[in-house]
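Here's the structure we're looking at; comments come further down.
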Amino acid sequence: MRQDERPLELYDDLQESDWSAKAQRRWKILIVDDDEDVHQATKFALRGLTILGRPLELIFAASRKEAQAQIGALDDIAVAMIDVVMETQDAGLRLVEDLRGAGLSDMRIVLRTGYPGYAPEISVATNYEIDNYHTKEELTRTRLIAVLTTAIRAYDRIQAISKSRKGLEQIIKSARQIFQRTSLELFAQGVLTQIAALLRLEPSGFVSLQSGDSAEMKVILGIGNFCALTGARLTDTGETMMRLFETHRGSDEPVFSDGYMGLHFHNENGREMFAVLETDSSFDNEDLDLLRLFASNISIGFRNLALIEALDRLAFRDTVLDLPNQNAFEQALEQAIAKGSDGQVIEIKVSAFQPLVAAFGRSTAIQLMQEAYQRLDRLGQGYCRISLVAEGALGIIDEERRMTPEGLAEAMNRPYRIDDVELAPQPTSVIVPLSQLPADPVQASRSAAAAFIHVRQNNQGQHVLYDAEKHQAVLRQQMLQMALKDHTRAFAGFEVFLQPKVNLENRLICGAEALLRWTLDGKSVSPAEFIPIAETIGMTRPLTDFVLTQIAQWAGIRRAAGLRLPPVAVNLSMADLNIPAFAEWLIARVHTLGLSPDLLEFEVTEAVAMHETVATRQIEQLSAHGFRISLDDFGTGYSSLGYFDSLPISTIKIDRRFIGTLTVESVYQNLSAVIIAMTERLGVDCVAEGIETEEQLEALKLLGCRTGQGYLFGRPEPIDSFSSKIDMSG
């Protein structure tokens, strides 16, 4: 092997048995010279030498080429002593350029030459970044040691300054990243990883924090070898950690013990954070100074995070129930949609909150909702995010589909025992797959709310999986709602139909019921579909006004022609009757249209009896102005004889479901017989609905019912054709 092809030779002047010295950090010295005697002489001169308390490690190269091949491994060389003349006359000078060009700016370089005056010293010092220039004869052992000591001291100072600069840059960068974290878990992760990077360690440790108002410390995050500790109490981590924790607990100084480093942090609220990192390294003063500086930044971040938590609590937590609020629900929904979750959204109406407050007090109502929250949390096994989305209603983001209709029914339908009071609300819930919701979080929230409203209207007290069929039903409901608002501006597509009421003895028309019909895009929309929508969006009063206006026009035409006018019944919505002053508006409107009580009567449902404070008062007001009041669909709802003590009822209409089973043979066993007998006793009229067969007619006549309506006598039809039927009936 030629001399310029020899590999780098590493010379360690320590004996293998000297483990304590070997464990120390050493100054690395690079000797580049093509003279083997120089290598041996340098070894001998520096044998056993320590400079600034640290031993030397000598690395030899015989040429520029050998040194170039190892530049990537020379980043921690303290001093390079380079011969100027080697394989070429300026090889040493070119190597200086190579080293500085490779970014080795901290390395100190001493040039040596065997030919005095070969390279002018002033010129070399001016044109090349070197620290010293000597002839080999000048470098006696004493002078060599002095030169190395000076160079190493300079290198050490430069390294300290460089480390501080880089450390400060890293502190600024990492502190900025940590301060952007708005949750304790992310903040803790940033603390561990950034301290580990600052001290050049593998990130392995944990962060513990005081839990709430308790003095107990809990591990909020573990990384590396400590992942399994997340969620554990600090007291369960072992004696070593507790000893580290208790050492200098009131101090902000880092504590080292048993292969670990611990740091304490405090904020103004008295909360404490304790960070632990695994390390078997020792650190110099510069490292510790940087760590202290970084720790002070972390302390500021910890205090700021407490403020952020307080603001988050105000923004994302209901202050009355101490539960996550609508903002928290929408945030969780947005996050689930953003990551393409295949989960589901659930909304559940637990109870009517304000009536509960009125009946049992605010404390009981609050405890009920909190217990409902706990039941849902247990059902979701802690993986679901649950929020208060309205009074008495909770919203759930269930990304792992842990909740089912059956599970919700079992968990939520059980009675609640609160303050020795047993409460048994009948909750309603809807489960909507995220895949069926729009990608926009705002639209998704609205769609989920619309699904919930649809389920409450049609499946009260049930827990419903919102499938594609129900989704289409809600889309249709939304479409009808928009169309209804648009069409009521000019009442496009609306028409009033009349269905005859007849005297059952002679089949002559003695009255009529006004029924509203709506045609949309050439197709008829059932009143059972559009009337509830109109009630929801507050459009029933305009529809009632349209019906009254059509009746008034029809009545005016017949009066002008001197034709008979049977009384017409108009249905009133409970949505309107529950609005104060509705009766005043209705009376004034009827008067303006030229209608009178002898032509009009009003039909209401049994639900009116359940709203004594508003609806019953308005019924009394209408009756006081001479309008007859019919109770529709009797026997299917609230059904109480108390009606007749509290309401001015003039007519009872027997629901069609009782008429449908009526036969001559079973006539006296039918509930219709009881209702008709009751009306006779009470002195009110009776109208049987849904008469379709001659046998039903004969049975009703046997019972003494005098008035009825149904397909046997005529279907609802437009006003004009109904007029001809009146005229034909005499």
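Read the figures in this text as sums done on the coordinates, not as results from a lab. What you see is a predicted model; the values in this text were computed from it and never measured. Cβ: placed from backbone, ideal geometry, glycine included. Neighbour counts: every protein chain shown.
By counting other Cβ atoms within 10 Å of each Cβ, how are Arg456, Arg108 ranked from fewest to most?
On the way: Arg456 18, Arg108 23.
Ascending Cβ contact count within 10 Å gives the list Arg456, Arg108.
Less than 12 Å from a label point 7 Å out along the Cα-to-Cβ axis of Glu185: which backbone N atoms in the range 377-394 qualify, by residue?
383-385
Ignoring everything except DSSP H segments at least 4 long, calculate the 222 nm mean residue ellipticity for the chain; use -39,500 (n - 2.57) per segment, divide by total residues, nearest 500.
On the way: 25 runs with 315 residues, N = 730.
So the calculated ellipticity at 222 nm is -13500 deg cm²/dmol.
Tell me which residues come under 5 Å, amide H to amide H, from Asn578 once H is placed; ignore anything under 5 positions away on its chain.
none
Out of residues 5 or more away from Ala393 or on other chains, whose amide H comes under 5 Å of its own, with H placed 1.01 Å from N in the peptide plane?
Residues meeting the criterion, in which the H sits 1.01 Å from N, are Val350.
Under 5 Å between amide H atoms, partner at least 5 residues away or on a different chain: which partners does Leu520 have, H built in plane at 1.01 Å?
Here Val525 satisfy the definition.
Which pairs break 32 Å Cα to Cα here: Lys523/Lys653; Lys470/Lys725; Lys339/Lys485; Lys339/Lys523; Lys28/Lys136?
Numbers: Lys523/Lys653 30 Å; Lys470/Lys725 42 Å; Lys339/Lys485 37 Å; Lys339/Lys523 42 Å; Lys28/Lys136 21 Å.
Over 32 Å apart, Cα to Cα: Lys470/Lys725; Lys339/Lys485; Lys339/Lys523.
Over every pair of different alpha-carbon atoms in the range 338-474, take the mean of 1/r and invert it; report that Kirkwood radius in Å. Mind showing how you got there, number by number?
Details: mean 1/r = 0.0656 Å⁻¹.
Roughly 15.3 Å, rounded to one decimal.
Pick the calculated Rg and Dmax of the Cα atoms in Å for this structure from (1) 29.9, 126; (2) 26.4, 83; (3) 46.2, 145?
Only one listed value fits the structure, namely (3).
Counting other C-beta atoms within 10 Å, which of Asp420, Asp398 has the fewest, and how do the rest follow?
Working: Asp420 5, Asp398 23.
In increasing order of surrounding Cβ atoms, one gets Asp420, Asp398.
For an R0 of 41 angstrom, estimate the FRET efficiency from the Cβ-Cβ distance between Asp37 and Leu104 and round to the nearest 0.05.
Values: r = 27 Å, r/R0 = 0.67.
Once the sixth-power term is evaluated, E becomes 0.90.
Order these by the 10 Å Cβ neighbour count, fewest first: Met242, Met412, Met482. The partial results should precede the final answer.
Details: Met242 14, Met412 21, Met482 11.
Taking fewest neighbouring Cβ atoms as first place, the list is Met482, Met242, Met412.
Could you give the distance between the Cα centres of the range 470-540 and the range 316-381, to the whole Å?
37
Which trypsin sites (Lys or Arg not before Pro) does the range 184-258 hold that lie in a coil by DSSP with at most 15 other beta carbons within 10 Å? Don't skip to the end; give the middle numbers.
Details: sites: Arg200, Lys218, Arg233, Arg243, Arg249; in loops: Arg200, Arg249.
Sparse-neighbourhood loop trypsin sites (Lys or Arg not before Pro): Arg200, Arg249.
Would you mind computing, in nm to one decimal, how far apart the modelled labels at Leu475 and Ala624 are, each placed 7 Å from Cα along Cα→Cβ?
5.2
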